[in-house]
Amino acid sequence: MKRWRVISLLLLLALVMVGLAIGQQYRHFLESPLDIPADYVLEVPRGASMLAVLSSLEAAGITRSHWHWRLYNRLNPAVIQAGEYQLEPGMRPSELVDMLASGRVISHAFTIVEGWTFNRLKQALAENEILERRLSSLGSDEKLMVSLGQGGMRPEGWFLPETYYFVRGDSDLDILQRAHEAMQEALVSAWEARSDVPLASPYELLILASIVEKETAVPQERSKIAGVFVRRLLQGWRLETDPTVIYGLGDSYDGDIKKRDLRTDTPYNTYTRHGLPPTPIALPGKDALQATARPAAGSAMFFVADGSGGHAFSETLDEHNAAVRKMLGKN
């Protein structure tokens, strides 16, 4: 009987020693930094499990998917978020899991530039190597606008130039949806704050703002140029603005607008037609929208490039012609 007691005590002692050793190993695992190289980015696909992530880390030599991890996952269950993570050298297992559960993923920037056309925007989206491609699956611009709740509208002008941040897994359609919603908000805001302008709808404001956007890159000139166009509309003049003609020429424009181009009638030729063109000609920014909604007061009816990046404004045709000759270097 005593012999069995001794054996039982020895077995119990052995179990205690084994338990202490396991506990020590586990504590060492918890406290030891992972072998993470500098600038290491971990990509967690949508729907990936922690075991799948551990396999990826093991393949990279960062950790081993042994019993320590299985025990940790059992004691500290966590739902991990998809995306890209910038792992930091020296991170411990618990810090890694906390990061994956928090969703502190790497964000990327996509900038829509003021004055881009919609075709240029689509080109930039196609050139982005991180965004998923979903736009092409719609098949046409018309179906895109239907998906945005604006069936029957042309897409030109309807996406607000700004910088949009996204994570891996987001698509080109996600960017367009956000930019479209942002433009709707900006357009409503500008329309509600408008002064007495001869525009019948927010869409007409969008059209005229796109022209203002293309006419100048000088912020302080936008409201002055908008003022010129508003006065021309009020007096029944044609707008006579080159950017609309260029837009109407499409792919046939070779970079040099010619006199015959100004005489060739298209729906966008504001030298041959009165009023606004049928659609915007570019993507106007918030400043252009606001400047067009509240144009500067004044009496100028003409403007021409002054050769230094800005424009010279004139009240009469004689003054305008003199400014043109000055710009061309003629007396």
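Annotation note: Cβ proximity below 7 Å between a residue of segment 43-56 that is under 13 Å from Asn73 (Cα atoms) and of a type in the set (Lys, Arg) and a residue that is surrounded by 12 or more Cβ atoms within 10 Å (Cβ to Cβ) and at pLDDT 85 or above (sequence gap 6+ or interchain) occurs for no pair. Cβ separations smaller than 8 Å between residues 6+ apart or across chains give the following pairs from segment 166-187 residues that are farther than 10 Å from Arg133 by Cα to residues that are surrounded by fewer than 20 Cβ atoms within 10 Å (Cβ to Cβ) and of a type in the set (Val, Ile, Thr): Phe166/Ile130; Val167/Ile106; Arg168/Ile106; Arg168/Ile130. Considering segment 207-247, the residues that are in a loop (DSSP other than H, G, I, E, B) and among the polar types (S, T, N, Q) include one that is surrounded by the most Cβ atoms within 10 Å (Cβ to Cβ), namely Thr241. Consider segment 262-283 and keep the residues that are in a loop (DSSP other than H, G, I, E, B) and of a type in the set (D, E, K, R). The one that is nearest to Arg120 (Cα to Cα) is Asp265. Whether any residue in segment 305-323 is touching a residue at least 40 places away in the same chain (Cβ under 8 Å) and assigned to a loop (DSSP other than H, G, I, E, B) is what I want to check. Within segment 305-323, one or more residues are touching a residue at least 40 places away in the same chain (Cβ under 8 Å) and assigned to a loop (DSSP other than H, G, I, E, B). Just one of the numbered conditions (1) hydrophobic (A, V, I, L, M, F, W, C); (2) at pLDDT 85 or above; (3) within 33 Å of the chain's Cα centre (by Cα) is not true of Ala78: (2).
Please go through segment 188-198 and give me each residue that is in contact (Cβ under 8 Å) with a residue 24 or more places away in the chain and either among the charged types (D, E, K, R) or not in a helix (DSSP H, G or I) (or both), ordered by number. Those that are in contact (Cβ under 8 Å) with a residue 24 or more places away in the chain and either among the charged types (D, E, K, R) or not in a helix (DSSP H, G or I) (or both): Ala193, Arg194, Ser195, Val197, Pro198. Scanning segment 75-127 for residues that are of a type in the set (D, E, K, R) and not in a helix (DSSP H, G or I) gives Glu84, Glu88, Arg92, Arg104, Glu114. Would you pick out the residues in segment 248-257 that are surrounded by fewer than 11 Cβ atoms within 10 Å (Cβ to Cβ) and not in a helix (DSSP H, G or I)? If the condition is that a residue be surrounded by fewer than 11 Cβ atoms within 10 Å (Cβ to Cβ) and not in a helix (DSSP H, G or I), then Asp254, Gly255, Asp256 are the ones that fit.
Going by the structure shown, is Leu30 assigned to a helix (DSSP H, G or I), modelled with pLDDT of 75 or more and within 45 Å of the chain's Cα centre (by Cα)?
no
Condition check for Ser299 on (1) in contact (Cβ under 8 Å) with a residue 40 or more places away in the chain; (2) buried (at least 17 other Cβ atoms within 10 Å of the Cβ); (3) in contact with an Asp or Glu (Cβ under 6 Å, 6 or more places away or on another chain); (4) farther than 26 Å from Lys122 by Cα: one failure, at (2).
From the list Arg238, Arg222, Arg260, Arg232, which residue is closer than 15 Å to Ala293 by Cβ and of a type in the set (D, E, K, R)?
Values: Arg238 fails: closer than 15 Å to Ala293 by Cβ; Arg260 fails: closer than 15 Å to Ala293 by Cβ; Arg232 fails: closer than 15 Å to Ala293 by Cβ.
One residue alone meets the criteria, Arg222.
Gly139 fulfils the conditions (1) touching a residue at least 60 places away in the same chain (Cβ under 8 Å); (2) of a type outside the set (Ser, Thr, Tyr); (3) out of contact with any helix residue (DSSP H, G or I) (no Cβ under 6 Å at 6 or more places or on another chain); (4) surrounded by fewer than 20 Cβ atoms within 10 Å (Cβ to Cβ) except for a single criterion, (1).
The values are calculated or read from the model by the stated rules, or taken from the named source; none is laboratory data. Just so it is clear, the model here is predicted, and its values are computed rather than measured. So basically every Cβ, Gly included, is an ideal-geometry build from the backbone, and we count neighbours across all protein chains shown.
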